[in-house]
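> One structure follows; several queries about it will come next.
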Amino acid sequence: MPISRTRKEELVARYVDLLKNSQGIVITHNNGMTMDHFDEVRAKLREINSTYLVTKNTLLRLALQEVGMPVPEELLKGPVVVAFAGEDVGATAKAVLNFGENVEVFSVTGALVDGEIYDENGVDALSKLPTLNEIHAQLIGLIIAPAAGLVNVLNSGTTQVLNVVAAYAVKEEEEAA
């Protein structure tokens, strides 16, 4: 049954909104996934603020053009399902790839991040990037490290002074005795 023009405009508007609020997209092919599979991957992606939608290829092309992103023609063939990465493309790619390991009728075909089109190998590389939380932890560690080093230096200097004073006191006691 054909989609009405109004419905097509609504879908393009939704895709545009998702694209504008996404760090990137991961494109997958659905070759007979069950609703249970869809629900499972959607739940996993929802946890990381990502959205997983079956898309209409021609309408997704229009939305990509509208937001000024390149159109990955080679990836938009057949039954396409797109994961819109809300905050963390690496975490989204990782979640999609992990899900795909357990479902034979599911395949990851590529991604679109910062205007760059990635193939399946590129998606695998994206999935190995540290998550935003891991990057934040690393940055905090880098910020705290110099202060911790300074505290250790000051502490060791104080300890050495106390050791010298204690040794002098012991020596004075021995000489007095």
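The values are calculated or read from the model by the stated rules, or taken from the named source; none is laboratory data. Fair warning: this is a prediction, and the values are worked out from it, not measured in the lab. Every residue, glycine among them, receives a Cβ derived from its backbone with ideal geometry; neighbour counts consider all protein chains shown.
> Which condition from (1) in a helix (DSSP H, G or I); (2) out of contact with any Ser or Thr (no Cβ under 7 Å at 6 or more places or on another chain); (3) of a type in the set (A, V, I, L, M, F, W, C); (4) surrounded by 11 or more Cβ atoms within 10 Å (Cβ to Cβ) is the one that Leu97 breaks?
Of (1) in a helix (DSSP H, G or I); (2) out of contact with any Ser or Thr (no Cβ under 7 Å at 6 or more places or on another chain); (3) of a type in the set (A, V, I, L, M, F, W, C); (4) surrounded by 11 or more Cβ atoms within 10 Å (Cβ to Cβ), only one is false for Leu97: (2).
> Right, Gly149: of a type outside the set (Val, Ile, Thr) and assigned to a strand (DSSP E or B) or not?
no
Each row is one residue, and each column tells you yes or no for (1) closer than 16 Å to Ile48 by Cβ; (2) surrounded by fewer than 10 Cβ atoms within 10 Å (Cβ to Cβ); (3) without any contact (Cβ under 8 Å) to a residue 12 or more places away in the chain.
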{"residue": "Gly90", "(1), (2), (3)": "yes, no, no"}
{"residue": "Ala93", "(1), (2), (3)": "yes, no, no"}
{"residue": "Phe106", "(1), (2), (3)": "no, no, no"}
{"residue": "Leu112", "(1), (2), (3)": "no, no, no"}
{"residue": "Ile117", "(1), (2), (3)": "no, no, no"}
{"residue": "Gln138", "(1), (2), (3)": "no, no, yes"}
{"residue": "Pro146", "(1), (2), (3)": "no, yes, yes"}
{"residue": "Gln160", "(1), (2), (3)": "no, no, yes"}
{"residue": "Ala167", "(1), (2), (3)": "no, no, yes"}
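> Being hydrophobic (A, V, I, L, M, F, W, C) and part of a helix (DSSP H, G or I) is the filter here, so list the residues in the stretch 100-137 that pass it. Write out each step before concluding.
The first filter runs over the stretch 100-137 and keeps only residues hydrophobic (A, V, I, L, M, F, W, C), leaving 103, 105-106, 108, 111-113, 117, 123, 125-126, 129, 132, 135, 137.
Correct list: Val123, Ala125, Leu126, Leu132, Ile135, Ala137.
> Quick one: would you say Asp124 is under 18 Å from the mean Cα position of the chain (by Cα), exposed (fewer than 10 other Cβ atoms within 10 Å of the Cβ) and in the same structural domain as Arg42 (by TED's automatic domain parsing)?
Considered against the rule, which asks whether it is under 18 Å from the mean Cα position of the chain (by Cα), exposed (fewer than 10 other Cβ atoms within 10 Å of the Cβ) and in the same structural domain as Arg42 (by TED's automatic domain parsing), Asp124 comes out as no.
> Turning to a different aspect of this structure: Could you pull out the residue among Glu116, Glu101 that is assigned by TED's automatic domain parsing to the domain that holds Leu45, more than 11 Å from Val26 (Cα to Cα) and at pLDDT 85 or above?
Result of the check over Glu116, Glu101: Glu116.
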